Amino acid sequence: MDKILRIDMSADGGPSVNEEPLGDLAGLGGRALTSAVVSKEVPPTCHPLSEENKLVIAPGLLSGTVAAMSGRLSIGCKSPLTGGIKEANAGGQASQVLARLGYAAIIVEGRPAGGSLYKVFINKEGVEVAADDSLKGLGNYDLVDRMKGVYGEKIACISIGQAGEMKMSAASIAITDMELRPTRHAGRGGVGAVMGAKGVKVIVLDDAGMKMRSAEDPEGFRSANKEWVDGLRKNPTTGEGLPAFGTNVLTNVINEAGGYPTNNFATGQFDGAAKISGETQAETEIARGGSATHGCHRGCIIRCSGIFNDKDGNYLTKQPEYETVWAHGGNCGIDDLDAIAMLDRLDDDFGVDTIEMGATIGVAMEAGLAEFGDAQAAIELVKEVGKGTPLGRVLGNGAAVTGKVFGVERVPVVKGQALPAYDPRAVQGIGVTYATTTMGADHTAGYAVATNIMGVGGEVDPLKAEGQVALSRDLQIATAAIDSTGMCLFIAFAVLDQPETFQALIDLINSFYGLSFTADDVTELGKSVLKCEREFNAAAGLSAQHDRLPDFFKNDPLAPHDVTFDVTDEDLDTLHNW
Amino acid sequence: MKIEYVLFASFAALMPVGSDGKPCELEVDAGTRVDTLMERLKLPKEKAKIIFVNGIKSSEDTLLSQGDRVGIFPIVAGG
């Protein structure tokens, strides 16, 4: 990964391609790299759909190596949804392939003059950018089938569906998985709209003829990877829980805890939870010939994903994640797993963030566009998005826009981005993260749920304000560092509880690059990423007033525990003091 | 006294047949703690990582009262 690929979509005579050495970006990967580029090169006050915004696609420091779990891709830009800096992260195959092709990043700049749509093809021979208007209006699934027809089956694709073409703020970027299906999404913050604004429909990657990246110290790397794999295997979360049930095991956990946002954040428990739980989902998948244990990228040993077939045993979608099942399930009062799987399939095909889409349908239901619990109505609403009808365009721009258009008061967003699947009143640590992360309401940015609910990395009472700011701060810093390595965030469960596994991660980085990082250096990396993101956001016009949850979380007690979000504004404002 | 319990994820296999994820009622002595309940259900205590009593995070030492609902998970995670 010794070069940066810049694609200038504005160039006279058509998009131009330029390769350059790493320069200042040497030593950076993933989110560290995307945030460095965005904060240095994107004017913070630019319109996110303008030619001044940039779409930065970066594998992590260890992507393209044999290190287990190293296949995550970071995609950064100024977000059309939040108006601040964004890093969206996805699994799938693209990161490994792009890294082996030798690129530390692709930076898409400018905007094409005409209305053409472009495809990009990168292999060991080089880079081709060509207009192809026949791709207009294709969903991600049909698009990938087309690309297979042209380029063969050993490719990885980065693409947008109709939502990205229409520049909707909930638009995602799809990454293909090992079965070459567009099921892994860089979902949050409308990164798909930026790709659409730049006229890029798909980036096809083929690393045939390229080798695995090799370490400075191959022996040291091999031995660190062995320790790393052992640590992940022996940890009960990464070695047993996640492979068996996937992320949707959380439906019963968060529901039992009374923090499961139901009917657009009205209450904290859902009667239908057992019908859409991870346990039920795994049983259903296996009975129908799908799978409950499946990795989203080569090199993943946790295998938290799965394959969901319909009632006839035909492939429908990958195993829907907890966030997706919540957003389209309990948040909408829906307890039908097949309907939820269909919604997941539609979201993936149109290319929209499942969290934003589900939260939006919840707001639409609050507005009276459908009854809570009406699965068929929810499916029809999402189909409007794909069709690009006026209603579809409203919905496709997310929960905040939809709430505004229909005069809804209870709109669960921070910095314009919808809250994920944990009510901040009953899981106050995640509430702090939602409010204070640079990303808008984002659960992965500082996953305090692990400590508040699962008792990982300590114990902090989820129903009280005490200790939540310190918890969220530490996790936000650690996560910013992990997001730069290309490692799947689920390694954190092993790394937080097993010091020898944390050391193995540091040893992997050191032996690969010939460095001598310590745990303190990892912390410093995380802090420097957050610092440049905060600076960008401030210059973009985001202030402390945007580091707040909507007032209703402070005023309306949540059943069953009758709790409100009690962390004070003053305390929230201390989070970024270090 | 009567309490109800649900066992989740890999512990679901220890629930009575046909319970289908729904809570089961149990008659227990006054003064019963969560760990006694786990022994009675033949649940390996060292694997019981997430324990709720009436939705409040609890531990194996927690004392149970009439009408309590107990939910027990092995170590699980998600996102």
Practice item. Kindly check whether there is at least one residue in the stretch A:503-512 that is more than 10 Å from chain B (Cβ to nearest Cβ), among the aromatic types (Phe, Trp, Tyr), part of a helix (DSSP H, G or I) and surrounded by fewer than 22 Cβ atoms within 10 Å (Cβ to Cβ). Key: no
Exercise for review: Within the stretch B:41-79, work out how many residues are hydrophobic (A, V, I, L, M, F, W, C) and farther than 19 Å from A:ILE254 by Cβ.
Suggested key: 4
Review point. Can you name the number of the only condition in (1) part of a helix (DSSP H, G or I); (2) without any contact (Cβ under 8 Å) to a residue 60 or more places away in the chain that A:GLY368 fails?
Key: (1)
Review point. Across the stretch A:438-453, which residue is nearest to the other protein chains (Cβ to nearest Cβ) among those that are small (Gly, Ala, Ser) and farther than 13 Å from A:ASP423 by Cα?
Key: A:ALA450
Point to revise | Residues located in the stretch A:322-336, provided they are buried (at least 24 other Cβ atoms within 10 Å of the Cβ) and either small (Gly, Ala, Ser) or under 30 Å from A:ARG100 (Cα atoms) (or both) | key: A:ALA327, A:GLY329, A:GLY330
Point to revise | Matching residues, the stretch A:274-314, being without any contact (Cβ under 8 Å) to a residue 60 or more places away in the chain, in a helix (DSSP H, G or I) and of a type outside the set (S, T, N, Q) | key: A:ALA274, A:GLY278, A:GLU279, A:ALA282, A:GLU283, A:GLU285, A:ILE286, A:ALA287
Practice item. Could you figure out which of (1) without any contact (Cβ under 8 Å) to a residue 60 or more places away in the chain; (2) in contact with a helix residue (DSSP H, G or I) (Cβ under 6 Å, 6 or more places away or on another chain); (3) within 14 Å of chain B (Cβ to nearest Cβ) isn't true of A:ASP483? Key: (1)
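Considering A:GLY231, A:GLY246, A:GLY258, which residue is crowded, with 24+ Cβ neighbours inside 10 Å and more than 30 Å from B:ARG69 (Cβ to Cβ)? So that I can check it myself, show each step before the final result.
Details: A:GLY246 fails: more than 30 Å from B:ARG69 (Cβ to Cβ); A:GLY258 fails: more than 30 Å from B:ARG69 (Cβ to Cβ).
So the residue among A:GLY231, A:GLY246, A:GLY258 that is crowded, with 24+ Cβ neighbours inside 10 Å and more than 30 Å from B:ARG69 (Cβ to Cβ) is A:GLY231.
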Review point. Among the residues of the stretch A:464-474, is there at least one that is within 14 Å of chain B (Cβ to nearest Cβ) and under 30 Å from A:ASP230 (Cα atoms)?
Key: no
Check your understanding: With respect to the numbered conditions (1) in a loop (DSSP other than H, G, I, E, B); (2) modelled with pLDDT of 95 or more; (3) surrounded by fewer than 18 Cβ atoms within 10 Å (Cβ to Cβ), which one is the sole condition not fulfilled by A:PHE565?
Key -> (3)
Practice item. Mind listing just one residue for me: the one in the stretch B:39-79 that is more than 12 Å from the chain's Cα centre (by Cα) and touching a residue at least 40 places away in the same chain (Cβ under 8 Å) and, of those, nearest to the other protein chains (Cβ to nearest Cβ)? Key: B:VAL76
Check your understanding: In the stretch A:315-346, how many residues are touching a residue at least 40 places away in the same chain (Cβ under 8 Å) and under 21 Å from A:ALA273 (Cβ atoms)?
Key -> 21
Check your understanding: Limited to the stretch A:421-448, what total is found for residues that are in a helix (DSSP H, G or I), among the hydrophobic types (A, V, I, L, M, F, W, C) and within 19 Å of A:PRO560 (Cβ to Cβ)?
Key -> 1
Check your understanding: Mind checking which residues of the stretch A:45-77 are among the acidic types (Asp, Glu) and free of Cβ contacts under 8 Å to residues at least 60 places away in the same chain?
Key -> A:GLU52
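So that you can scan it fast, the table gives a plain yes or no per residue for (1) within 19 Å of the chain's Cα centre (by Cα); (2) within 14 Å of another protein chain (Cβ to nearest Cβ); (3) under 21 Å from A:ALA400 (Cα atoms):
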{"site": "A:ALA287", "(1), (2), (3)": "no, no, no"}
{"site": "A:SER291", "(1), (2), (3)": "no, no, no"}
{"site": "A:ILE302", "(1), (2), (3)": "yes, yes, no"}
{"site": "A:ALA327", "(1), (2), (3)": "yes, yes, yes"}
{"site": "A:ASN331", "(1), (2), (3)": "no, no, yes"}
{"site": "A:PHE350", "(1), (2), (3)": "yes, no, yes"}
Practice item. Determine whether the stretch B:20-38 contains at least one residue that is within 10 Å of chain A (Cβ to nearest Cβ), on the phi < 0 side of the Ramachandran plot and surrounded by fewer than 18 Cβ atoms within 10 Å (Cβ to Cβ). Key: yes
Review point. So which residues in the stretch A:261-272 are within 9 Å of another protein chain (Cβ to nearest Cβ) and surrounded by fewer than 24 Cβ atoms within 10 Å (Cβ to Cβ), if there are any at all?
Key: A:GLN269
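The values are calculated or read from the model by the stated rules, or taken from the named source; none is laboratory data. A quick note: this is a predicted structure, and the numbers were derived from the prediction, not measured. So basically every Cβ, Gly included, is an ideal-geometry build from the backbone, and we count neighbours across all protein chains shown.
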